[in-house]
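A.B. asks: One structure is given below, represented as structure tokens, and several questions about it will come after.
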Amino acid sequence: MTDSLYKNLNAYINNSRAEFEAKLETLVNIPSISMDPERKGDIQRCADTAVEFLKGIGAKAEAIPTKGNPVVVGEIITDPKNPTVSIYNHMDVQPADASEWNKAPFTFDKVGDRYEGRGTTDDKGPGLTALFAVKYAMDHGVPINVKFIWELEEEIGSPNFESFVKANKNRLKTDSVLVSDTIWIARGKPAVPYGLRGLQAITLTLETHAKDIHSGLVGGAARNPIGELCDVVAKCYDANTGKVKIKGFYDDVRKATKAEIGSFVNSGFTSKGFKKAHEIKSLRPNLKSEGDVLQAIMSLPTFELHGIVGGYSGPGVKTIVPHKAEAKISMRLVPNQSPAKILKLVKDFIKQINPDVKVNAEHALEPFLGEFGGPYADAARTAMKFAFGKDPAFTREGGSIGAVVTMQNHLKCPISFLGLSLPEHGYHAKNENYDWGQTSGGIKMFVKYFEEIARL
């Protein structure tokens with residue numbers, strides 16, 4: 001089968017380009033923003049389009065309702081005796097501020113080999129890349145069964161995904177899961193993640209009086225909630241180094257081994273390239289080496305302040321003492337850390353500093369750690385090298401994918417990551433894009449991966 005499988009693969013990829021681009025344009029032009037309640041109609045339109053695309057390659061497919069947004073599922077069963085792989089992607093997207101973009105965010109544009117628009121790389125482009133690979137593998141007799149799980153709430157923390165999985169556990173039964181929603185460290189150097197950070201988000205609120213008051217009348221006597229929250233946050237962590245000061249915060253951290261750190265460094269990462277890709281002017285002064293930076297973004301927990309709300313934010317200065325303030329904070333967590341335990345530590349710590357501050361728990365996700373080695377990791381390594389010509393580095397993702405932990409807990413099978421996005425593709429950023437090079441290589445990669453796991 002091997003010779004016949006790859007004989008026509010390059011021709012298939014080239015001949016499929018126009019169809020791939022047309023389908024990507026259709027999806028990108030649908031603003032499937034899961035955090036915007038006014039986009040419910042667009043979410044449903046995206047789900048219906050996804051079902052149509054899956055049926056187009058011969059899959060049985062439908063959009064299954066949940067309490068929130070639907071989940072699109074599909075399957076192609078070649079033989080019940082064949083191994084089954086489930087492919088997870090998401091079709092919902094982040095919002096986009098049109099004033100920051102160089103084009104309309106939800107209008108697909110093709111510029112040479114580059115595809116521009118919200119959702120091109122996160123995660124509609126990689127999802128379609130896998131779809132085109134499945135079609136080729138099925139048409140050429142690769143002995144596997146394939147299931148598709150396309151979520152439409154990933155960008156809001158997958159609040160209804162666990163109930164969906166529990167309700168459809170038998171239908172979703174599989175031998176392995178393949179996720180294509182991750183990022184390489186550098187173009188030209190493939191990366192296979194095997195871990196994800198978890199998350200505990202919180203808001204801190206403090207109300208010190210009933211209304212905003214003229215500072216000329218009360219300044220110097222009235223409490224200032226913004227100032228007090230700034231003091232609380234400063235006591236929680238060192239903004240210069242990122243080091244968290246909360247007692248017990250690091251107790252359960254599973255430290256990366258020398259072999260893991262070596263693999264991180266082998267990813268093609270450079271601090272210069274990292275800063276350029278993300279338009280960062282400078283890094284924290286305590287990060288002295290590439291390994292230091294990589295551990296900070298992959299294998300160590302974080303404490304980040306995302307915004308402080310309160311008082312007057314218009315032009316000039318309005319001399320009032322605000323009555324209320326809120327700080328928005330997230331903590332990325334690493335393997336062995338528990339969101340519930342971290343939340344309690346934070347609450348207890350802040351209560352000692354300022355008992356008037358209310359700590360409100362927002363969404364939480366458990367961290368994930370997969371296999372650094374083993375047959376599925378070997379299959380991923382082989383597939384990446386076949387498609388892109390280089391052995392991949394095994395890395396950990398700094399972000400979170402809530403659905404992965406849910407699938408690990410309930411489907412109880414190996415989970416592999418074969419992502420295609422690059423730092424310059426702009427995950428969650430302005431001018432998001434994807435490209436034909438990653439698409440064409442990705443189709444090859446997935447086909448090879450399917451052939452490899454069919455033998456397991």
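A.B. asks: Hey, does the range 44-61 have a residue that's among the hydroxyl-bearing types (Ser, Thr, Tyr) and crowded, with 21+ Cβ neighbours inside 10 Å?
C.D. replies: So far as the range 44-61 goes, no, none of its residues is among the hydroxyl-bearing types (Ser, Thr, Tyr) and crowded, with 21+ Cβ neighbours inside 10 Å.
A.B. asks: If you don't mind, there's one more thing I want to ask. From the list Ala11, Ala63, which residue is free of Cβ contacts under 8 Å to residues at least 24 places away in the same chain and touching a helix residue (DSSP H, G or I) at 6+ places or on another chain (Cβ under 8 Å)?
C.D. replies: Ala63
A.B. asks: Can you name every one of the helices (runs of 4 or more DSSP H) wholly within the range 1-66 that holds 1 or more residues which are out of contact with any His (no Cβ under 8 Å at 6 or more places or on another chain) and closer than 24 Å to Ala98 by Cβ?
C.D. replies: Once the helices (runs of 4 or more DSSP H) in the range 1-66 are filtered for at least 1 residues that are out of contact with any His (no Cβ under 8 Å at 6 or more places or on another chain) and closer than 24 Å to Ala98 by Cβ, what remains is 17-28, 40-56.
A.B. asks: Ok, one more. Restricting to the range 286-318, and then to whatever is closer than 20 Å to Leu365 by Cα and in a loop (DSSP other than H, G, I, E, B), can you tell me which residue is modelled with the lowest pLDDT?
C.D. replies: Ser299
A.B. asks: How about the range 418-456: which of its residues are surrounded by fewer than 19 Cβ atoms within 10 Å (Cβ to Cβ) and either closer than 14 Å to Lys135 by Cα or among the hydroxyl-bearing types (Ser, Thr, Tyr) (or both)?
C.D. replies: Residue satisfying the conditions is Tyr427 alone.
A.B. asks: Please determine, by comparing only the residues of the range 348-403 that are assigned by TED's automatic domain parsing to the domain that holds Pro159 and of a type in the set (Val, Ile, Thr), which one is farthest from the chain's Cα centre (by Cα).
C.D. replies: For the range 348-403, the residue satisfying everything is Thr382.
A.B. asks: Let me ask something else about it. Does Ala167 satisfy being crowded, with 21+ Cβ neighbours inside 10 Å and either assigned by TED's automatic domain parsing to the domain that holds Thr49 or modelled with pLDDT of 95 or more (or both)?
C.D. replies: no
A.B. asks: So Glu432 passes all but one of these: (1) of a type outside the set (Lys, Arg); (2) more than 25 Å from Pro335 (Cβ to Cβ); (3) out of contact with any Pro (no Cβ under 9 Å at 6 or more places or on another chain). Which condition number does it fail?
C.D. replies: Here Glu432 clears every test but (3).
A.B. asks: Among the residues of the range 198-240, count how many are part of a loop (DSSP other than H, G, I, E, B), more than 34 Å from the chain's Cα centre (by Cα) and not β-branched (Val, Ile, Thr).
C.D. replies: Number satisfying all stated conditions: 10.
A.B. asks: Next question. Does any residue of the range 65-80 turn out to be closer than 22 Å to Lys430 by Cβ and polar (S, T, N, Q)?
C.D. replies: no
A.B. asks: What are the residue pairs meeting all of these: first residue in the range 46-57, first residue under 14 Å from Pro70 (Cβ atoms), second residue assigned to a helix (DSSP H, G or I), Cβ atoms under 9 Å, and 6 or more apart or on different chains?
C.D. replies: Taking only residues 6 or more apart or on different chains, the pairs are Cys46/Leu27; Cys46/Lys124; Thr49/Lys23; Thr49/Thr26; Thr49/Leu27; Ala50/Leu27; Ala50/Gly127; Leu54/Leu131.
The values are calculated or read from the model by the stated rules, or taken from the named source; none is laboratory data. Predicted, not measured: the structure shown is a model, and the values here were computed from it. Using ideal geometry, Cβ is built from the backbone for each residue, glycine included, and neighbour counts are taken over all protein chains shown.
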